[in-house]
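Have a look at the structure below before the remarks.
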Amino acid sequence: QSTVEPVFGTLTQFMGLRKVNTLGLKQANKCMQLSAIAYNLKKYLKFTQKRIKVEQECSAYF
């Protein structure tokens, strides 16, 4: 199991999503989906950069 609170904490604290300034549920949903995509992309880029760094360090030994 995983918790979703760190995701909402990051969205509210660092991405400025304290209020959704849209009219209607559809537009608010779209805003939340875009924020989730941005969060996931940021997390993915951090992961790939770590992986590339580790691969470079491993290839230096061989």
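Expressed as a whole percentage, what fraction of the accessible surface of the chain belongs to carbon and sulfur atoms when a 1.4 Å probe is rolled over the protein heavy atoms?
Of the solvent-accessible surface of the chain, carbon and sulfur hold 60 percent.
Calculate, for the stretch 15-62, the solvent-accessible area per residue in square angstrom, rolling a 1.4 angstrom probe over the heavy atoms of the protein chains.
Heavy-atom SASA per residue in the stretch 15-62 reads 98 Å².
Can you give the Rg and Dmax of the chain based on its C-alpha atoms, in angstrom?
Reported Rg and Dmax, both Å: 16.9, 58.
Stretched out fully, how many nm does the piece from Asn21 to Lys50 gain, at 0.36 nm a residue minus the Cα gap?
6.9 nm
Could you name the lysines in cross-link range of Lys53, using Cα to Cα under 22 Å and dropping any fewer than eight places away on the same chain?
Lys42, Lys43
Please arrange Leu41, Leu25 by accessible surface area, largest first, computed with a 1.4 Å probe and ligands excluded.
Leu25, Leu41
So what J values fall out for the stretch 36-50 if you push phi through Karplus, 6.51 cos²θ - 1.76 cosθ + 1.60 with θ = phi - 60°, rounded to Hz, Gly and Pro as x?
Taking θ as phi minus 60°, the curve returns 5, 5, 4, 4, 5, 5, 4, 5, 5, 5, 5, 5, 5, 5, 4 Hz for the stretch 36-50.
Quick one: putting +1 on the C-beta of Lys and Arg, -1 on the C-beta of Asp and Glu, what dipole do you get for the chain around its Cα centre, in Debye to the nearest 20?
240
The values are calculated or read from the model by the stated rules, or taken from the named source; none is laboratory data. What you see is a predicted model; the values in this text were computed from it and never measured. When we count neighbours, we look across all protein chains shown, and the Cβ atoms used for this are built from the backbone with ideal geometry, even at glycine. Surface accessibility is based on the protein's heavy atoms, side chains included, excluding ligands, DNA and RNA. Shrake-Rupley method; radii C 1.70, N 1.55, O 1.52, S 1.80 Å.
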